[in-house]
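Pasting a structure here, questions to come.
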Amino acid sequence: MAAKFIKLFLYVQKSNLKTAFLNLSDALVNVLMMMLNNFSYIFMWWILFQNKGSINGWNFGDMALLFAVANISFATYALFMRGLETLPEYIDSGGLDNFLVMPRSELMLIAFSESSFANWGDYLTGFIMYFFSGHIGWTSFGLLILVTILASVLLFAIRLLASSLAFFINDSQRLGDNFFIAVITFASQPSSIYTGWYKVISLTIVPAGFLVYYPVEVIRAFSWTNLLCLLGGVAIFLALSLLVWRQGLKHYSSGNRFGVR
Amino acid sequence: MNKYAALYSVSLKQAWAAKASLYGRLFFLFILIFIYNHLWEVIGAENNSLELNRTYIWYLLFAEMIILSSPRADRSLFNDIRDGTMAYYVGKPISFFLMRCVEALGSMTASFVLMGVLGSLATLLLTGEPPFLWRHFPIIFLMCYLSSCFNVLLTCAVGLCGLWLASIRTLSMLIERLVFTLGGGIFPLSIYPDWFIDIAKYTPFYSFYYLTIKLVYDFSWENLAVAVTLNSGWLCLIALFTIFAYGRLTKRINIYGG
């Protein structure tokens, strides 16, 4: 079962790469533009840290680590699971029917159905920022890989929750997009500012804390408690998103759309 | 002209009816205000400058009203060019480009007004008094609305770049980021070094966003006159580009589809 799944995953990724390489120069320009886009945002924060020195105990090195975690986990999500963003469209138009009759997991097929080559620029940005963070070492690199995999699973769960709104609310594409972007925006702030109620919100309604706060803390000063908190948060949100997805499927009535795939 | 007014009205009503979309934008706006209010509070407390969050949160509100209210006109125009929809409309007694622009303006207006009213109330609750005098509020609101219209035109111009590019996704994202950096979309340009402001001055983002939104905490008739003059100049340049690109596009329409 797992072998078949991996084989299908690799096949889809190979196809996505082939499609991107059809116009190699365009693909590379997009990667460069993505990096420019990321660094212009990072530049803004660099300026702020230049002016203020530190924010609640965080310096720019810590912020660089946050950018490394955020960019690498987002790249993993965008390259391998971005198809979830089109789920509301499939639900609204009845296009989901085509996936439901497939002999493989419909959720995985939808998730793999889209990939954006430009997001390789996020990987590059992430690794560059890691080297600027001042937390370099084999152990921290291993932890970086581990926590970004967990964070990308969390992104998958959050996007699935946002997209599954379409089962219950009409025309919810933009609502889901905004919820997802809100989480990413929340995650792009220095985690040191989240104390008190802000911390509660960042771990519940907008779970940005599990996306960056715990991953960054695990790398900065490893503790099993932080790693277990991260694992627990990811597991809870993944379970919740799969539950909502299952309930949504029960709620879903076909769009009676005729199509061949 | 009546047909464009009718399109504007229909689009505005459609946007008003799409409650889920409006609530999504409002949710994002509230999250932004909530996060950055706290960020500026923390920075203000560290620097003994408690007025910091009041000034910058009102600035952020107006900046986000301009940026968030704009619909994804670039993507819809790009798709229309690629899938042949434009070819279908090009023979109709209406300018396809103006039609899409006016539709986007209608949609933008609904979001802008709703975010303006509810966003101002939320910000007022968080900060108390705004940094401007209430008698200047209608002028600031109107100037920001005009900037939002320019933003829609800029977005449509990006959509027209589909004539030369296979995908406009990253170009759109890049423009968004330039709005945030060169236009001071999140942090006002006053915190940036002089050399950066000197570069920003040569871009439309400086006047469309920063100079206009700065009126929120630095209102003067002189600043208003500078913003109006520069915005008019950049508007002419962008309009010229769109006329040129649309002219080229209509000539190549037989290649792309129909």
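The values are calculated or read from the model by the stated rules, or taken from the named source; none is laboratory data. In this text the structure is predicted, and so the values were computed from the model without any measurement. Cβ coordinates were reconstructed from backbone atoms using ideal geometry, including for glycine residues, and neighbour counts include every protein chain displayed. The protein model used for the area step is the full one, side chains on, heavy atoms only, and it has no ligands, DNA or RNA in it. Shrake-Rupley method; radii C 1.70, N 1.55, O 1.52, S 1.80 Å.
Report the convex hull volume per residue for region B:66-110, counting only C-alpha atoms, in Å³.
It is 61 Å³ per residue.
Mind telling me which of B:232, B:190, B:69 comes out most flexible in a GNM of chain B, alpha-carbon contacts under 10 Å?
Most flexible of the set in this elastic network: B:190.
Which percent of the accessible heavy-atom area of region B:70-180 goes to carbon and sulfur, probe 1.4 angstrom?
Details: 3000 of 4370 Å².
Percent of accessible area from carbon and sulfur atoms in region B:70-180: 69.
If the only charges are +1 at each Lys and Arg Cβ and -1 at each Asp and Glu Cβ, what is the size of the charge dipole of the protein assembly as shown around the Cα centre, to the nearest 20 debye?
On the way: 33 positive and 26 negative charges, 288 e Å.
So the magnitude is around 1380 debye.
For a quick check: with amide H placed at 1.01 Å from N, whose amide H comes under 5 Å from residue A:95's, ignoring anything fewer than 5 positions away on the same chain?
none
Ignoring ligands, DNA and RNA, how much accessible area is buried between chains B and A, both sides summed, with a 1.4 Å probe, to the nearest 100 Å²? Display every interim value, and only then the final one.
On the way: alone 12930 and 13640 Å², together 22880 Å².
Roughly 3700 Å² of accessible surface disappears when B and A pair.
Also, quick follow-up: For region B:7-53 and region B:85-134, write down the distance between their C-alpha centroids in whole Å.
If you average the Cα positions of each part, the centres end up 14 Å apart.
Find the lysine pairs in the protein assembly as shown meeting two conditions, Cα atoms under 30 Å apart and a separation of 8 or more places or different chains, and report how many there are.
Going through the protein assembly as shown pair by pair, I get 17.
Right, something else. Kindly write out, for region A:225-232 in residue order, the coupling ³J(HN,Hα) from the Karplus curve 6.51 cos²θ - 1.76 cosθ + 1.60 (θ = phi - 60°), rounded to whole Hz, with x marking Gly and Pro.
4, 5, 5, 5, 4, 4, 4, x
OK, next. With +1 assigned to the C-beta of every Lys and Arg and -1 to the C-beta of every Asp and Glu, and no other charges, what is the dipole magnitude of region B:2-256 about the Cα centre in debye, to the nearest 20? Mind dumping the intermediate values first?
Numbers: 18 positive and 14 negative charges, 248 e Å.
Charge dipole, region B:2-256, about its Cα centre: 1200 debye, nearest 20.
For chain A, calculate the relative contact order in percent as a whole number, restricting contacts to Cα pairs under 8 Å that are 6 or more residues apart.
Numbers: 310 pairs, mean separation 67.1, N = 261.
Computed over chain A, the figure is 26 percent.
For a protection proxy built on the mean count of beta-carbon atoms within 10 angstrom, sort B:22-32, B:90-100, B:202-212, A:230-240 highest first, please.
On the way: B:22-32: 20.6, B:90-100: 15.0, B:202-212: 22.8, A:230-240: 17.3.
By packing density, highest mean first, the sequence is B:202-212, B:22-32, A:230-240, B:90-100.
Next up: With springs only between Cα atoms under 10 Å, which of A:16, A:56, A:38 fluctuates most in a Gaussian network model of chain A?
A:56
Could you please tell me the mean projected area of the C-alpha convex hull for region B:184-258, averaged over all directions and given in square nanometres to one decimal?
Over all viewing directions, region B:184-258 projects a mean Cα-hull area of 7.1 nm².
Mind putting together the pair-distance distribution for region B:2-256? All Cα pairs, 5 Å bins, whole percent per bin, short to long.
Histogramming region B:2-256 at 5 Å steps yields 1, 6, 12, 16, 18, 16, 13, 8, 5, 3, 1, 0, 0 percent.
On to the next question. How large, in Å, is chain A by the Kirkwood hydrodynamic radius built from its alpha-carbon pairs? Don't skip to the end; give the middle numbers.
On the way: mean 1/r = 0.0514 Å⁻¹.
Here the Kirkwood hydrodynamic radius works out to 19.5 Å.
Given R₀ = 30 Å, what would the calculated FRET efficiency be for residue B:30 paired with residue A:23, taking r from the Cβ atoms and rounding to 0.05? List each step's numbers first, then the result.
Values: r = 40 Å, r/R0 = 1.35.
For residue B:30 and residue A:23, the calculated efficiency is 0.15.
So, one more: Give me a single rounded figure for A:25-32: the average over its residues of other chain Cβ atoms within 10 Å of their Cβ.
Mean number of neighbouring Cβ atoms from other chains: 3.
If you take each beta carbon of peptide B:34-43 and count the beta carbons of other chains within 10 angstrom, what is the mean?
Rounded to a whole number, the mean comes out at 5.
Sticking with this one: Between helix B:73-83 and chain B, what is the angle of the helix's C-alpha long axis to the longest principal axis, kept within 0 to 90° and rounded to the nearest 10?
For helix B:73-83, the angle is close to 20 degrees.
With point charges of +1 on the Cβ of Lys and Arg and -1 on the Cβ of Asp and Glu, referenced to the Cα centre of region B:2-256, which listed residue (B:202, B:156, B:237) lies farthest in the positive direction of the dipole?
Looking along the dipole axis, the top candidate is B:156.
For chain A, find the longest principal axis of its Cα atoms and tell me its angle to the long axis of helix A:138-164, 0 to 90°, nearest 10.
It is inclined by approximately 40 degrees.
Kindly provide the pair-distance distribution of the protein assembly as shown built from C-alpha pairs, with 10 Å bins from 0 and whole-percent values in order of increasing distance.
Percent of Cα pairs in each bin: 4, 17, 28, 29, 17, 6, 0, 0.
Report, in degrees rounded to the nearest 10, the 0 to 90 angle that the Cα long axis of helix A:2-21 makes with the longest principal axis of chain A.
80 degrees
Can you give the helix-only mean residue ellipticity at 222 nm for chain B, where every DSSP H stretch with n ≥ 4 adds -39500 (n - 2.57) and the sum goes over all residues, rounded to the nearest 500 deg cm²/dmol?
Values: 10 runs with 190 residues, N = 258.
About -25000 deg cm²/dmol.
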